[in-house]
Amino acid sequence: MKYLTLFLIHYSLFTIHDSAAAPADEQRVTKGNASAPEQGKRPAAESSQGKRFIQPNFIIIFTDDQGYQDLSCFGSEDIKTPHIDRMANEGRMLTSFYSANPVCSASRAALMTGCYPRRVLDTRVVLFPKDNVGLHPGETTIADMLKTKGYATACVGKWHLGHHPEFLPTAQGFDSYFGIPYSNDMSHPADAKRPRYGKWDEYWSKPKESGVWKTPLIENEKILEHPVDQRTITRRYTDKAIEFIKANSGRELAGQTPHRPFFLYLAHSMPHVPLYLPDELYNPDPKRAYISVIEHIDAEVGRVLDTLRKEGLDKNTYVIFTSDNGPWLRFKHHAGKAGPLRDGKGSTFEGGMRVPCVTWAPGRIPANSKSNDMASTIDLLPTIASIAGIEPKTKGPIDGLNLADFLHAKSPSPRTEFLYYRAQIDSIRQGDWKLRQQGKAHQLYNLAEDIGERKNLAKKHPEKVAALKARMEELNAEVIAGARPLGQLAD
Ligand SMILES: [Ca+2]
């Protein structure tokens with residue numbers, strides 16, 4: 001059997017490390033909800049003040065290559081996103097929110113583990129169908145963590161942390177998986193020849209030929225459809241997500257669905273190229289391709305939010321909408337925009353990693369609020385842990401910080417520093433200052449005054465450059481010293 005040995009090793013054999021702070025809302029959490037709930041009962045506990053603590057649900061909606069400006073509420077001039085805008089009106093927009101890498105796999109590893117990708121994915125940033133590696137199954141993902149508290153967990157959409165069964169979501173804490181295992185421009189290894197790259201107008205003109213991209217659709221560990229019909233995939237992800245929400249809603253009316261808190265990771269595979277839409281939404285004008293795809297995603301996000309409202313879950317569910325990295329600018333109207341930020345996907349300028357972020361939990365997260373404090377996808381694991389009343393037992397140290405009070409607008413963000421990695425580190429932000437190191441050259445920007453990173457102040461402030469460089473090296477050395485192995489298939 002080819003299956004790797006590491007897959008058989010139980011998590012508890014690894015060093016256990018308490019990495020996050022105790023729950024922020026102590027008075028609402030008691031020992032009574034420490035064990036997994038019985039099937040059919042929503043875990044609840046009496047606090048010392050007699051308030052009942054209902055385990056909240058969590059949904060992360062993660063899009064692919066969506067730019068900082070690609071929502072109306074983030075300033076888009078041509079895309080209309082009424083559903084996500086409503087979410088922002090009812091919730092909190094974070095305008096200095098960072099993905100932890102400017103490309104797919106590394107960004108997702110960071111989101112799932114609360115770690116800079118250099119700590120958990122080595123120097124790999126994008127995994128390909130020929131690769132025999134993945135995120136180590138011994139890592140603690142958000143799903144693993146929530147399972148310790150009896151959560152139902154589902155991953156719907158693009159995974160991209162290893163496509164072999166040993167690395168798929170069902171090996172990483174998710175009860176179920178429905179989605180594509182890598183990007184929608186990658187083919188199953190049996191179809192090694194990839195269509196000519198970059199002819200996006202041509203592909204857009206032939207929507208019925210979406211099958212030229214031989215990307216498989218996987219259910220749990222098995223291929224369900226190959227190639228996946230990319231025209232309908234965004235909608236089918238949503239259908240699966242809604243099915244999962246309803247199955248765990250605990251709706252009294254039906255009396256049949258079990259009461260169970262849930263975690264849904266809904267990772268749309270677009271607007272990564274190639275772009276496709278359901279037939280009835282198709283517009284032959286290629287200049288409308290990207291715009292229409294985002295508007296379609298927005299409508300589908302609206303369906304998820306409407307389901308929460310209809311099922312009476314809107315007061316007890318956190319929804320976080322964000323993107324895995326900036327827009328792939330060289331593909332023009334098949335890509336988004338990061339204005340007013342500089343550059344896009346693949347870059348450690350702000351446009352590559354600062355992404356739109358809208359958080360929503362009516363009655364918990366204040367409505368119509370906004371913050372420009374620094375925060376990152378790596379902070380979501382400890383934040384969710386805190387809100388759920390869990391002290392995460394991760395495989396080793398993590399880099400994320402607990403943002404629960406910040407999300408609830410009770411305190412500023414505790415994040416005052418952030419490291420920017422591609423395969424290796426090259427930048428640091430500390431407060432308003434950002435240092436980029438490119439070979440021997442340095443670029444120093446004050447983001448409060450120069451969000452577009454146009455005015456290099458390195459020569460003017462050599463002492464600042466030296467201090468930030470030293471700090472970047474110090475923090476990076478900690479990450480590298482604590483780096484953990486990538487998951488490898490046995491020979
Ligand atoms: Ca991406």
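Any residue at all in the range 398-416 that's in contact with a Pro (Cβ under 7 Å, 6 or more places away or on another chain), crowded, with 19+ Cβ neighbours inside 10 Å and of a type in the set (Gly, Ala, Ser)? Yes: one or more hits. Among the residues of the range 55-83 satisfying the criterion of being touching a residue at least 40 places away in the same chain (Cβ under 8 Å) and of a type in the set (Ser, Thr, Tyr), which is nearest to residue 260 (Cα to Cα)? Ranking the qualifying residues of the range 55-83, first place goes to 63.
Give the number of residues within the range 196-223 that are over 13 Å from residue 158 (Cα atoms) and either touching a residue at least 40 places away in the same chain (Cβ under 8 Å) or touching a Lys or Arg at 6+ places or on another chain (Cβ under 9 Å) (or both). Summing the residues that are over 13 Å from residue 158 (Cα atoms) and either touching a residue at least 40 places away in the same chain (Cβ under 8 Å) or touching a Lys or Arg at 6+ places or on another chain (Cβ under 9 Å) (or both) in the range 196-223 gives 14. Within the range 176-200, if we keep just the residues that are loosely packed, with under 14 Cβ neighbours inside 10 Å and part of a helix (DSSP H, G or I), the residue that is nearest to the ligand (Cβ to nearest atom) turns out to be 189. Condition (residue is in contact with a Ser or Thr (Cβ under 6 Å, 6 or more places away or on another chain), surrounded by 19 or more Cβ atoms within 10 Å (Cβ to Cβ), closer than 26 Å to residue 91 by Cβ and not β-branched (Val, Ile, Thr)) applied to the range 271-291: is it met by at least one residue? Yes, the range 271-291 contains a residue that is in contact with a Ser or Thr (Cβ under 6 Å, 6 or more places away or on another chain), surrounded by 19 or more Cβ atoms within 10 Å (Cβ to Cβ), closer than 26 Å to residue 91 by Cβ and not β-branched (Val, Ile, Thr). On inspection, residue 99 does not qualify as on the phi < 0 side of the Ramachandran plot and away from the ligand (no atom under 16 Å from the Cβ).
Within the range 146-160, not a single residue is touching a residue at least 40 places away in the same chain (Cβ under 8 Å), within 16 Å of the ligand (Cβ to nearest atom) and farther than 29 Å from residue 307 by Cβ.
Inspect the range 441-454 for any residue being of a type outside the set (Asp, Glu), touching a strand residue (DSSP E or B) at 6+ places or on another chain (Cβ under 6 Å) and part of a loop (DSSP other than H, G, I, E, B) and give the result as yes or no. For the range 441-454, residues of a type outside the set (Asp, Glu), touching a strand residue (DSSP E or B) at 6+ places or on another chain (Cβ under 6 Å) and part of a loop (DSSP other than H, G, I, E, B): present. When each of 341, 407, 444, 435 is tested for being in contact with a helix residue (DSSP H, G or I) (Cβ under 6 Å, 6 or more places away or on another chain), in the same structural domain as residue 62 (by TED's automatic domain parsing) and either at negative phi or among the aromatic types (Phe, Trp, Tyr) (or both), the lone residue that passes is 341. Each residue in the range 129-175 was checked for being under 21 Å from residue 119 (Cβ atoms), among the acidic types (Asp, Glu) and either not assigned by TED's automatic domain parsing to the domain that holds residue 394 or not in a helix (DSSP H, G or I) (or both), and 2 of them qualify. In the range 314-340, of all residues being away from the ligand (no atom under 16 Å from the Cβ) and surrounded by 21 or more Cβ atoms within 10 Å (Cβ to Cβ), the one that is farthest from the chain's Cα centre (by Cα) corresponds to 317.
Residues in the range 217-237 that are of a type outside the set (A, V, I, L, M, F, W, C), in contact with an Asp or Glu (Cβ under 7 Å, 6 or more places away or on another chain) and surrounded by fewer than 22 Cβ atoms within 10 Å (Cβ to Cβ): 231, 235.
Within the range 106-119, residues that are in contact (Cβ under 8 Å) with a residue 60 or more places away in the chain and under 16 Å from residue 426 (Cα atoms) have Cβ atoms under 7 Å from residues that are away from the ligand (no atom under 13 Å from the Cβ) and among the hydroxyl-bearing types (Ser, Thr, Tyr) in these pairs: 116/421; 117/421; 118/421, counting only partners at least 6 apart in sequence or on another chain.
Got at least one residue in the range 449-459 being at positive phi and outside the structural domain of residue 360 (by TED's automatic domain parsing)? Yes, some residue in the range 449-459 is at positive phi and outside the structural domain of residue 360 (by TED's automatic domain parsing).
The values are calculated or read from the model by the stated rules, or taken from the named source; none is laboratory data. What you see is a predicted model; the values in this text were computed from it and never measured. Cβ sites come from the backbone with ideal geometry, for glycine too, and all protein chains shown count toward neighbours.
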